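Structure first, then comments.
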Amino acid sequence: MSSRALPPPPPPVQLRTWPDRQALLTDRGMALRELRRTYLAVHRLLLLWLCGFGGVIGWSLLVLTLQLIEDKDPLAFVFGPVFVILGLAALAPAVVGVVLGMRRDRKIRELTDAWVALDTDPSTDARLRAPGASLTWCLSSLVLCALGLWASLGAAAYAEPGQDTHSDVALGMGAGTILWLTGLIGVRKALGHYRWAVRRPSPAPARGGTHR
């Protein structure tokens with residue numbers, strides 16, 4: 001979901017050329033700050049929402065085809081395939097974007113673990129928790145979850161026999177489920193990061209620190 005280059009992993013032991021421990025801690029701190037900033041960046045939250053709403057638009061277009069069929073509209077044979085194509089064109093990129101974002105998150109976590117394992121620095125490690133950014137992700141995602149649950153459960157609970165069609169219920173439940181899943185991804189990411197930062201064991205300080 002982002003093309004910004006990530007910091008490289010730390011070099012293998014035999015290729016490390018830091019002159020002293022302070023140089024190692026400086027590079028370690030720079031890498032960890034960039035990884036933390038990228039992982040919980042606001043623009044990545046907005047991109048997640050964009051994928052979620054793209055999924056809602058795609059689902060809505062797909063349901064339009066069902067609505068045309070239920071209404072026995074003769075134009076269903078003309079506009080039905082068009083809506084299906086447009087719906088898939090909106091839904092597929094949204095799914096791909098979420099998958100790529102989750103893969104990038106996993107890569108960031110792997111790089112973070114690799115840099116953390118080099119040494120320990122209380123001032124740097126304390127900032128890894130990023131409570132403000134984690135709270136922003138968590139609260140905003142909870143709002144999205146609540147909106148999704150309201151839409152999906154409301155569509156099913158308040159459907160009136162004889163008035164609401166299957167397409168109406170499918171639209172509300174499908175769109176609500178997509179919003180709920182999008183919010184759930186954000187909540188899981190925020191809580192998972194904070195839990196990892198709090199429970200992360202501190203590595204023993206490096207001895208000798210460098211290799212030439």
Exercise for the section: State all residues of the stretch 37-85 that are over 22 Å from residue 174 (Cβ atoms), touching a residue at least 12 places away in the same chain (Cβ under 8 Å) and in a helix (DSSP H, G or I); if no residue qualifies, say none. Expected result: 38, 39, 42, 43, 44, 45
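Checking the conditions here, which among 34, 110 is assigned to a helix (DSSP H, G or I), closer than 22 Å to residue 6 by Cβ and open to solvent by less than 60 Å² (accessible area, probe 1.4 Å)? I'd like the intermediate steps shown before the answer.
Details: 110 fails: open to solvent by less than 60 Å² (accessible area, probe 1.4 Å).
Just one listed residue meets the conditions, 34.
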Practice task
Quick one: residue 18 ticks every box in (1) open to solvent by less than 70 Å² (accessible area, probe 1.4 Å); (2) part of a helix (DSSP H, G or I) except a single one, so which number is it?
Solution key: (2)
Practice task
State yes or no: is residue 95 over 30 Å from residue 26 (Cβ atoms), out of contact with any Ser or Thr (no Cβ under 6 Å at 6 or more places or on another chain) and either assigned to a loop (DSSP other than H, G, I, E, B) or touching a residue at least 40 places away in the same chain (Cβ under 8 Å) (or both)?
Solution key: yes
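Would you check if there is a residue in the stretch 171-190 being farther than 18 Å from residue 56 by Cβ, within 30 Å of the chain's Cα centre (by Cα), surrounded by fewer than 15 Cβ atoms within 10 Å (Cβ to Cβ) and at pLDDT 90 or above?
Here is the first cut: in the stretch 171-190, the ones farther than 18 Å from residue 56 by Cβ are 187-190.
With within 30 Å of the chain's Cα centre (by Cα) added as a condition, the list becomes 187-190.
With surrounded by fewer than 15 Cβ atoms within 10 Å (Cβ to Cβ) added as a condition, the list becomes 188.
Of the ones still in play, those that are also at pLDDT 90 or above are 188.
Yes, the stretch 171-190 contains a residue that is farther than 18 Å from residue 56 by Cβ, within 30 Å of the chain's Cα centre (by Cα), surrounded by fewer than 15 Cβ atoms within 10 Å (Cβ to Cβ) and at pLDDT 90 or above.
The values are calculated or read from the model by the stated rules, or taken from the named source; none is laboratory data. Note that the structure is predicted; figures quoted are calculated from it, not measured. Glycine gets a Cβ as well: all are built from the backbone with ideal geometry, and neighbour counts include every protein chain shown. Just the protein is used for accessible areas: all its heavy atoms, side chains included, with ligands, DNA and RNA removed. Shrake-Rupley method; radii C 1.70, N 1.55, O 1.52, S 1.80 Å.
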